[in-house]
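Only the coordinates and a few stated rules stand behind these numbers; no lab work does. Just so you know, these numbers come straight off a predicted model, no measurement behind them. Note that each Cβ is placed from the backbone with ideal geometry, even for glycine, and that neighbours are counted across all protein chains shown.
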Ligand code: NAI
């Protein structure tokens, strides 16, 4: 079949047809009925690289899947509900995106979610190990800083851990930084490039404003205010939603962008770069977000720390002990 298509394209004068490009990927969303899961699934339904969209949750997925399946894009949408269908939802997945778990309410830190969400990540990771051990896994569930090490330990125990295939999604921090800088400078946020490194909670979120393109113009006071705003942007949304949850729409956008980048990398696109929280030897923290090149096997190259000024070096010093604590908590939980 492929031979025939190649021959046909050659006859039509299309010579650059790459047989290595697959263009058909299965993506599973775990937690697909939630505040993030639904709009994220809607955005993934529109991604032309996705042919099989698998929606898993403990509630409501038949309805969400039926609804999305009426959208006129090529992907097939299937709903899976309840723990006994988790394995089937994951089988053959190329990418698994996980926004399953409880979100924050006002006054809560991300770490307060640990008791409920750690168990959810453990169960889903065990099933990934059995059903799609080669999938690229993107964890949105908070606390991201701890959930990613939990998944790593579970996958290690199952003998299938590949650090190049496990990612904590910190894309929303980048998206927020681009939005705030774009508005402050009066430029299109889409034109702003800025690395946000570290982890995904409070002081572990480290926007490297000195490397912003275009340059962020502001005195030290403005820089510190913007840094804290990016670090606390999630709390801004939690407060504004007044008990109705945390960021869902902007997170869905960010999650779809990150999953889309994983798919582009899988598909052989060049220069796909995203910041993401991965196993790392760049700092003393064994998981850390830096800009990464994404490729056919997930993490292709870690681009390391961007150049930091003195203020950013201090932020990094503050982030490391907190990150180490968060990581150890995940390791201890998984091995308890
Ligand atoms: P939500 O409560 O609206 O949705 C969560 C969904 O997970 C629900 O549909 C629920 O049924 C499902 N769920 C619960 N247990 C499950 C299990 N064992 N297996 C599969 N699904 C299960 O919450 P929302 O707002 O969608 O947030 C989800 C998570 O994402 C939270 O932990 C939140 O803190 C986190 N988050 C992460 C961000 C990031 O930047 N990484 C940003 C915003 C939120």
Packing rank of 163-175, 87-99, 279-291, where each peptide gets the mean count of other beta carbons within 10 Å, highest leading
163-175, 87-99, 279-291
What distance in nm separates the two pseudo spin-label positions at residue 296 and residue 281, each 7 Å out from Cα along the beta-carbon direction?
2.5
Just to confirm the number: angle between the C-alpha axis of helix 310-335 and the first principal axis of the chain, 0 to 90 degrees, nearest 10?
60
Taking the inverse of the average 1/r across all pairs of different Cα atoms in the stretch 127-222, what Kirkwood radius in Å do you get?
15.2
Using eta = 1.306 mPa s and T = 10 °C, Stokes-Einstein with Kirkwood Rh from Cα pairs puts D for the stretch 222-334, in µm² s⁻¹, at 97
May I have the extent of the alpha carbons of the stretch 112-154 along their three principal axes, as whole Å values ordered from largest to smallest?
31, 15, 15
P(r) histogram, all alpha-carbon pairs of the stretch 38-83 included - 5 Å bins from 0, percent:
5, 26, 37, 21, 9, 3
At 1.567 mPa s and 4 °C, plugging the Kirkwood radius over alpha-carbon pairs of the stretch 203-265 into Stokes-Einstein gives what diffusion coefficient in µm²/s?
93
Against the empirical 2.2 N^0.38 Å scaling, what ratio does the C-alpha Rg of the stretch 15-141 come to?
1.10
Just grab the label-to-label distance for residue 70 and residue 156, each label 7 Å out from Cα along the Cβ direction, in nm (one decimal).
4.8
Computed over the Cα atoms of the stretch 84-135, what is the ratio Rg over Rh, Rh following Kirkwood?
1.07
Simple spin-label estimate for residue 115/residue 46, 7 Å along Cα→Cβ, in nm, reads 3.9
Under Stokes-Einstein, the stretch 83-171 at 10 °C and 1.306 mPa s, with its Kirkwood radius over C-alpha pairs, diffuses with a coefficient in µm²/s of 121
Average projected area [Cα convex hull, the stretch 281-336], square nanometres:
4.7
Size of the chain along its principal axes in angstrom, Cα-based, largest extent first?
63, 49, 38
Degrees separating the helix 144-157 axis from the principal Cα axis of the chain, which is the longest one
50
Counting every C-alpha pair in the stretch 136-289, the percent lying more than 26 Å apart is 28
